[in-house]
Amino acid sequence: MPTDAVFLSMKLQPVPTRPSETREAKRERALARKARRTGQPVKKPKPAESKKPRALKGRAGRLAELMSMPKDIFYEVSRVFTRRPCRFERIYALTTTKIVSWLKPLDLLQLSRSSKYLRSLIMVRDNSSLWKAARKNVPGLPDCPTILAEPRYAAVLFDQYCFACGIPRSSCVDFSLALRFCGPCFKTNIRKGKDIRFSDDAFHDDNMDMMWSLLVAVPIGEHPNEDPTNNHLLNGYYMAEFDAVLEQLNELCDDSSGTQRFIEDRQEHTRQMQEHGLAVSVWYQEGLNKRYMDGEEAKVERKQAINDKLSVLGYSEDDYPRNEAWDKIFDQRTKLTERIWKNIRPKLEELLETEKNDRIAAALRARVKQRRKEIHVFYQAFVNRTFADDERAFLPNLCDAGFLPSATELATANDAQDVITEEQFAAIEERLLVEVQQHAEKVQRVLYKLLVDSRRSHRDKTPIPRLELAQLEVEVAKASALFVCQNCEPRRSGHFGRPLRQLITYSAAGICAHWRETHPLVKWTAGPPPVESVAFRTANWWRRRTDPSPRVMAMRRGILNLASDAVKALGLPEDTTYAEMDELVRTRSLVCLCGDPTLPAADESSWAELVDHIWFEQEWYRRNLPDVERSHHGSDLRLLDDHELTEESSCLKILAEGEVAIYPDYMPSPEVAEEIKAVIDASGRNGIGCRLCCKLHRSNWRERWIMENLRKDVDMIAHHVKTKHGKNLEKKHVVIDVKVK
């Protein structure tokens, strides 16, 4: 017989996380939310008057008489399974056997909730044989413990309602405690032993191990345990049971015999519940494994059945597509029936037809691609014999030439089955010449649009006027028309040991020549990359945010304006071409008076290189100027702007014939050079910086030096100190940054 120590656990009620609400309370809460959202009071609807239910029309179902079935039929179930019915009971026995023999515990639970009448028939303690008969319909299910009621046992195993708050989403089930909780209620009612605090002095830490053996353990992150003596701090425990057991122990603290008897009864109860919970867990896992294996077998049978039916229709596995829609139909854990086949056959035939058309189109694209490669050879020979070197500036590269209308027509002729011959290409040369010229004009208009968009605000959407071809050629040939090839190669190191710019700057003709020579098999792409939506970037977080393929872009507005200011400062016309400025640089007629030792030789430099150098120096000065204005070191520290571009003072100068440029004398004495070289050698992998710049960057003496690392070159450091601070290089001007590796 179960003792009071056992019944102690059965009387407990779990603590709900959410208070249960009536329908009227939920409606009032919804109206309050609507009032807060709209800012206007919402009138409460009048309560509906009770109306007499209308009689249902139509013919009654075959189970309509179930509500009026005598109770004896339900109660007869127990005798059907316990003894042989007599002659007068045979009719009732046959009837009830046919009904109950197909029911399972969950069916009885749902049937008991359908009406008060059926609940009064099913939820009766004397009718437990009905539940036992339903439980036998579940193969391998362990018997219900004597301490548990059959409906509760069925609810723990098969129902979905939380025992605490009652919501139909209970994902946390413990078979040893015979409880089912939702996630929040599980956290409220179940706690690990290490998180439980004893508030009563009658129970000390030396009895904790014994205390865990009196409670049914909930395995958290481990396999169920059937021996209560192995319960430990890391197991979960039912808080209501813990409080009840602790209260009972405190009441029996003066009765040693009663305490010992209570402990023995609790340990025996805990052992039985944990053994039963382990048995149910094994049964549950075996059921999951069996359902999984049955599903896999059904999937294999389904695939084989679909393959057989498709083979009858004339399809083979080589014709099958490889996409998500096809796999979704094939990889289902349901056997194929005639009804299912009738529904999926049109979808499969549509997918097969789409795959057939896609393969035909892919084969055609592959043949066209091969024909275009054959056209590339003839096109290169056509360019060499038709255009001079100075006439090839805006010609399309091999890829763009293959997509010209005449070339496309030739490549796709006869479904691209025939190999392109020289005679066939010669037949389209006249059309190709016109299309090449049209392509050149199109490219110039694109470059002009890039220049205009770069110079104006992004909010300015004024249409760009269409220029004549002669005027268009003048605009894109100006010295201020500078472009870059995005996602292309970086350029050499500059003043502070890092790239002057990430990309090489080109003229309009230079960027087209670069594209034709460096990217011959890439389609002409100009302008900023397309804006990707937030949803696309979130779904494709592993991709680069911008397109990594090369694309032509105009330089930023500041650099374009700088190039225009440089031309103006030199006293040259505004329409001076890039080629003219480039010729001045390469013939050493146009020089920068700063004498930077990192600048390349004149025959290796260009106008774009010179503009890039000035832009970097001016940016460096503008970035550091605020530090000079708020510095507390006085007038001893100066920051010089040696790259001004004004008519009165310009860092650029056009030398007359025979004139020699005068550069600042920044070379240190041999003794100082040796000292600086020794400091550089001693720095190892650490960075080298300018002490004067470090002082300028500090607004007070508490701040650490902010260092810009210079190249480890004596001439470079001496030039920086002379041109930026107006001082001759000394050893005290060099500092080592130990944090830079």
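The values are calculated or read from the model by the stated rules, or taken from the named source; none is laboratory data. Since the structure is predicted, the reported quantities are computational estimates derived from the model, not experimental observations. All Cβ positions, even for glycine, are placed from backbone atoms using ideal geometry, and neighbour counts span all protein chains on display. All accessible areas refer to the heavy atoms of the entire protein, side chains included, with ligands and DNA or RNA removed. Shrake-Rupley method; radii C 1.70, N 1.55, O 1.52, S 1.80 Å.
A few comments on the model shown:
- Candidate set: the range 455-487, residues that are of a type in the set (A, V, I, L, M) and open to solvent by 60 Å² or more (accessible area, probe 1.4 Å); chosen: the one nearest to TRP615 (Cα to Cα): VAL474
- Complete set of residues in the range 632-661 that are basic (Lys, Arg) and at pLDDT 85 or above: LYS653
- Selection over the range 582-605 of residues that are hydroxyl-bearing (Ser, Thr, Tyr), open to solvent by less than 50 Å² (accessible area, probe 1.4 Å) and free of Cβ contacts under 8 Å to residues at least 60 places away in the same chain gives a count of 1.
- Out of GLY277, GLY258, one residue alone is in contact (Cβ under 8 Å) with a residue 40 or more places away in the chain and small (Gly, Ala, Ser). It is GLY277.
- Residue selected from the range 356-393 under the condition outside any helix (DSSP H, G or I) and within 20 Å of ILE428 (Cα to Cα), by the criterion least open to solvent (accessible area, probe 1.4 Å): PHE387
- Qualifying residue in the range 288-301 (condition: part of a helix (DSSP H, G or I), exposed (fewer than 12 other Cβ atoms within 10 Å of the Cβ) and in contact with a helix residue (DSSP H, G or I) (Cβ under 9 Å, 6 or more places away or on another chain)): no
- Qualifying residue in the range 394-415 (condition: assigned to a loop (DSSP other than H, G, I, E, B), of a type in the set (A, V, I, L, M) and without any contact (Cβ under 8 Å) to a residue 12 or more places away in the chain): no
- Taking every residue in the range 429-441 that is touching a residue at least 40 places away in the same chain (Cβ under 8 Å) and part of a helix (DSSP H, G or I) and pairing it with any residue that is buried (at least 18 other Cβ atoms within 10 Å of the Cβ) and among the acidic types (Asp, Glu), at least 6 positions away or on another chain, the pairs with Cβ-Cβ distances below 9 Å are HIS439/ASP400.
- Here VAL434 passes the criteria (1) out of contact with any strand residue (DSSP E or B) (no Cβ under 8 Å at 6 or more places or on another chain); (2) surrounded by 15 or more Cβ atoms within 10 Å (Cβ to Cβ) except the one numbered (2).
- Residue count for the range 214-247, restricted to those that are open to solvent by 80 Å² or more (accessible area, probe 1.4 Å) and aliphatic (A, V, I, L, M): 1.
- Qualifying positions in the range 680-702 - at pLDDT below 80, open to solvent by less than 70 Å² (accessible area, probe 1.4 Å), in a loop (DSSP other than H, G, I, E, B) and of a type outside the set (S, T, N, Q): ARG698
- Whenever a residue of the range 334-356 is in contact (Cβ under 8 Å) with a residue 12 or more places away in the chain, it has no partner that is surrounded by fewer than 14 Cβ atoms within 10 Å (Cβ to Cβ) and of a type in the set (Phe, Trp, Tyr) lying with C-beta atoms less than 9 angstrom away and at least six residues away or across chains.
- Cβ pairs under 6 Å, 6+ apart, first in the range 564-581 and within 18 Å of ALA513 (Cα to Cα), second not hydrophobic (A, V, I, L, M, F, W, C): TYR578/SER507
- Selection status of ARG537, touching a helix residue (DSSP H, G or I) at 6+ places or on another chain (Cβ under 7 Å), at pLDDT below 70 and either surrounded by fewer than 16 Cβ atoms within 10 Å (Cβ to Cβ) or in a helix (DSSP H, G or I) (or both): no
- GLU324, sole failed condition from (1) over 30 Å from ALA411 (Cα atoms); (2) surrounded by 11 or more Cβ atoms within 10 Å (Cβ to Cβ); (3) free of Cβ contacts under 8 Å to residues at least 24 places away in the same chain: (2)
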